[in-house]
Amino acid sequence: MENIDPSLVDWSRAQFALTAIYHWLFVPLTLGLGIIVSVMETFYYKTGNPEWKRITQFWMKLFGINFAIGVATGIILEFEFGTNWSNYSWFVGDIFGAPLAIEGIMAFFMESTFIAVMFFGWNKVSKGFHLASTWLTVFGATISALWILVANAWMQFPDGMHFNPETVRNEMVDFWAVLFSPVAMNKFSHTVTSSWVLGSAFVIGVSAWFMLKKREQSLSTKSIRIAAVFGLTGALLAAITGDGSARQVALHQPMKLAVMEGLYKGSNPAGLVLIGFLNPEKGTYDDDTNPFLFKLQIPGLLSLMANRELHSFVPGITDLINGGFPVEDTNGIMIQALSAEEKMKRGKIAVQSLASFRTAHETGSDSLAAIHRARLEANYGQFGYGFIKDKKELIPNVPITFYTFHLMVLLGLFFILFFAISGILIHKDLFHKWKGMLWLSVLSVPLAYLCSECGWIVAEVGRQPWVIQDIMPACAAVSAVSTGSVQTTFFLFAILFTVLLVAELSILFRQISKGPDPEH
Amino acid sequence: MKLGKTLWLIILIKLFIIFFILKIFFFQNLLNKHFDSDQEKAAFVGKELTNRNLKP
């Protein structure tokens, strides 16, 4: 038996998380600010007013700085797949490869072609062509995000594939099921609309800083007017798509939902925790310690979000481990939920069947291979449980998931109010007069980043131990490399990313401080 | 123009670090490095999955 050091799994996770979180600092601003810049340029195209050109070029410059520093940071994630997650990379086969390949070929080339026109094409191409290039750059970036999120959504809800034990790969049998999976659609729309929130907060924050400095009043007012409307639209849509995502989590990742809510024992109806403080004394999932020191909840709301019924049962962590509660199967028939122990038993049968199939296949025993293949297929839905040693491994980190989820939701609600108030104040020409609002706007920029990163943490930490839900845990996905080599690259990245971030922030702040080009 | 030059310089340095240092020295594709054919890769991953066990 091969032994994998548990710290290797943790360091590989940490390395991936560091890279993804860093990469995610740049993506939402590109998606959000990109549309705002496109809208501004559309105003310039429609009105011919040179002030709109000046405004567009200023924000485009900030967009360019963010793009330049962020570009290619996502490629490092693909390197990590090949080196640190080689079992996973092979196992997911073309399902993960296809969306990433489409992303690379179609969206990235589209983005990079039009971004050149966008930055260097002023006064060289017609106004209409330039405007089209700006919109297409943002469209390309958004389509890039779609393919990445489709691949990620498949890991959260594997569908449209068939496992081939001969190649040890999951092979795509239904491209459309992968692309249009409800998890992918919700994930994409929630991620993109939350990026609009971040882009809008950035524009309002920078504009408010100009107002505090009593500079660029007209540019700031016009920018805030657009960003407030766009931000409010994004925040409301993010709330709606967030609700859709919660429904999908309830259907396909009930443990993640239970952990997000700190729900240890299921109830009917289940309330949604609005604010809560977890009890650090809580040890294991089955002890009698109250998991909360304090909580304020909205009765029945979690049931409504999870099942679309106010008086419905939402399983908690203990229920999911013990099983035995009524649940709908894939054919819509009510069955008793399996316990973790039963799933682990079936998972071990699946893994053993794969081994037996491969031996039978290699020795040419076709009839024996067929028997093992059938046994593997019957238990493949629990394949990943075959690698789980202790059922407690099936519970993600509760405090991290709970607090990041609630912080994200509270900040989401804050942004709905913030954009609505910003819109009213700018409409009444009062925004620049309220110093508190100006400072709050500046503060909203880091808050938007915090909210966005919390979303990533909820999605990824909340689905542990799974790399592919129920099919492959992280301990089976990692490459058998030395922990030291992963630690080395982790610290290497930490240094590289810090240097790049300092470079970006200093260039960005310098550019903001310099302001837009002088009016001619 | 100074801004443009600075950004290009950062992009080039970053791409050099990513593709000529990280990729070559730290992030070789493990399966491609050790195996030539898909059959060999499948056999290796199959063995990895069926034998994998965490330290108690």
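I'd like to know if the range A:307-326 contains one or more residues that are over 19 Å from A:A378 (Cα atoms), in a loop (DSSP other than H, G, I, E, B), free of Cβ contacts under 8 Å to residues at least 12 places away in the same chain and out of contact with any strand residue (DSSP E or B) (no Cβ under 8 Å at 6 or more places or on another chain). Spell out the reasoning first.
Looking only at the range A:307-326, we keep the residues that are over 19 Å from A:A378 (Cα atoms), and these are A:307-326.
Checking which are in a loop (DSSP other than H, G, I, E, B) leaves us with A:308-313, A:315-316, A:323-325.
Among the residues that remain, those that are also free of Cβ contacts under 8 Å to residues at least 12 places away in the same chain are: A:309.
The next check asks that each one be out of contact with any strand residue (DSSP E or B) (no Cβ under 8 Å at 6 or more places or on another chain); those that pass are A:309.
Among the residues of the range A:307-326, at least one is over 19 Å from A:A378 (Cα atoms), in a loop (DSSP other than H, G, I, E, B), free of Cβ contacts under 8 Å to residues at least 12 places away in the same chain and out of contact with any strand residue (DSSP E or B) (no Cβ under 8 Å at 6 or more places or on another chain), which makes the answer yes.
Among A:Y380, A:Y403, which is the only one that is hydroxyl-bearing (S, T, Y), surrounded by 15 or more Cβ atoms within 10 Å (Cβ to Cβ), under 25 Å from A:V478 (Cα atoms) and at pLDDT 95 or above?
On the way: A:Y403 fails: under 25 Å from A:V478 (Cα atoms).
None of the other options fit; the residue is A:Y380.
Out of A:T142, A:T134, A:T167, which single residue is touching a helix residue (DSSP H, G or I) at 6+ places or on another chain (Cβ under 8 Å) and buried (at least 20 other Cβ atoms within 10 Å of the Cβ)? Break it down stepwise before answering.
On the way: A:T142 fails: buried (at least 20 other Cβ atoms within 10 Å of the Cβ); A:T167 fails: buried (at least 20 other Cβ atoms within 10 Å of the Cβ).
None of the others qualify; the one that does is A:T134.
Which ones in the range A:52-80 are β-branched (V, I, T) and more than 7 Å from chain B (Cβ to nearest Cβ)?
Of everything in the range A:52-80, those that are β-branched (V, I, T) and more than 7 Å from chain B (Cβ to nearest Cβ) turn out to be A:I55, A:T56, A:T73.
Which of the residues that make up the range A:327-353 are assigned to a helix (DSSP H, G or I) and hydroxyl-bearing (S, T, Y)?
A:S353
Under 9 Å by Cβ, and 6 or more places apart or on different chains, what pairs join a residue from the range A:489-505 that is more than 11 Å from chain B (Cβ to nearest Cβ) with one that is β-branched (V, I, T) and in a helix (DSSP H, G or I)?
Here the result reads A:L501/A:I69, each pair linking the range A:489-505 to a residue that is β-branched (V, I, T) and in a helix (DSSP H, G or I).
For a quick check of your reading: which helices (runs of 4 or more DSSP H) sit entirely within chain B and have at least 2 residues that are exposed (fewer than 11 other Cβ atoms within 10 Å of the Cβ)? Give the steps one after another, and end with the answer.
Numbers: elements: B:2-16, B:30-34, B:38-51.
Once the helices (runs of 4 or more DSSP H) in chain B are filtered for at least 2 residues that are exposed (fewer than 11 other Cβ atoms within 10 Å of the Cβ), what remains is B:2-16.
Tally time: how many residues in the range A:441-478 are away from chain B (no Cβ under 14 Å), among the small types (G, A, S) and over 14 Å from A:A17 (Cβ atoms)? Walk me through how you get there before you give the answer.
Our first condition is that a residue be away from chain B (no Cβ under 14 Å); within the range A:441-478, this holds for A:441-464, A:466, A:469-470.
Cutting the leftovers down to among the small types (G, A, S) gives us A:441, A:444, A:448, A:452, A:455, A:459, A:462.
Filter once more, keeping what is over 14 Å from A:A17 (Cβ atoms): A:441, A:444, A:448, A:452.
Selection size over the range A:441-478: 4.
Going through the range A:426-436 one residue at a time, which ones are surrounded by fewer than 18 Cβ atoms within 10 Å (Cβ to Cβ) and in a helix (DSSP H, G or I)? Give the derivation first.
Initially, the range A:426-436 is screened for residues surrounded by fewer than 18 Cβ atoms within 10 Å (Cβ to Cβ), giving A:427-430, A:433-436.
Within the range A:426-436, A:H427, A:K433, A:K435, A:G436 qualify.
In the range B:41-56, what count of residues is obtained for those that are facing chain A (nearest Cβ under 7 Å) and modelled with pLDDT of 85 or more? Please lay out each step first, then the result.
The first filter runs over the range B:41-56 and keeps only residues facing chain A (nearest Cβ under 7 Å), leaving B:41-42, B:45-46, B:48-55.
Subsequent filtering for residues that are modelled with pLDDT of 85 or more retains B:41-42, B:45-46, B:48-51.
Residues that pass the stated criteria total 8.
Out of (1) on the phi < 0 side of the Ramachandran plot; (2) modelled with pLDDT of 90 or more, what's the single condition that is false for A:G48?
Only one criterion in (1) on the phi < 0 side of the Ramachandran plot; (2) modelled with pLDDT of 90 or more is unmet by A:G48, namely (1).
So which residues in the range A:81-97 are at the interface with another protein chain (Cβ under 7 Å from one of its Cβ atoms) and in contact (Cβ under 8 Å) with a residue 24 or more places away in the chain, if there are any at all?
Here is the first cut: in the range A:81-97, the residues at the interface with another protein chain (Cβ under 7 Å from one of its Cβ atoms) are A:82-83, A:86-87, A:90-91.
Once the filter is applied, which keeps residues that are at the interface with another protein chain (Cβ under 7 Å from one of its Cβ atoms) and in contact (Cβ under 8 Å) with a residue 24 or more places away in the chain, the range A:81-97 yields A:T83, A:S86, A:N87, A:W90, A:F91.
Can you spot a residue in the range A:371-385 that is farther than 30 Å from A:A459 by Cβ, among the β-branched types (V, I, T) and away from chain B (no Cβ under 14 Å)?
Yes, the range A:371-385 contains a residue that is farther than 30 Å from A:A459 by Cβ, among the β-branched types (V, I, T) and away from chain B (no Cβ under 14 Å).
Could you tell me whether A:Q352 is away from every other protein chain (no Cβ under 14 Å) and crowded, with 16+ Cβ neighbours inside 10 Å?
Details: away from every other protein chain (no Cβ under 14 Å): no; crowded, with 16+ Cβ neighbours inside 10 Å: yes.
Judged against the criteria, A:Q352 is not a match.
The values are calculated or read from the model by the stated rules, or taken from the named source; none is laboratory data. Just so it is clear, the structure is predicted and the values come from calculations on it, not from any experiment. Counting neighbours? That spans all protein chains shown, and the Cβs are built from the backbone with ideal geometry, glycine included.
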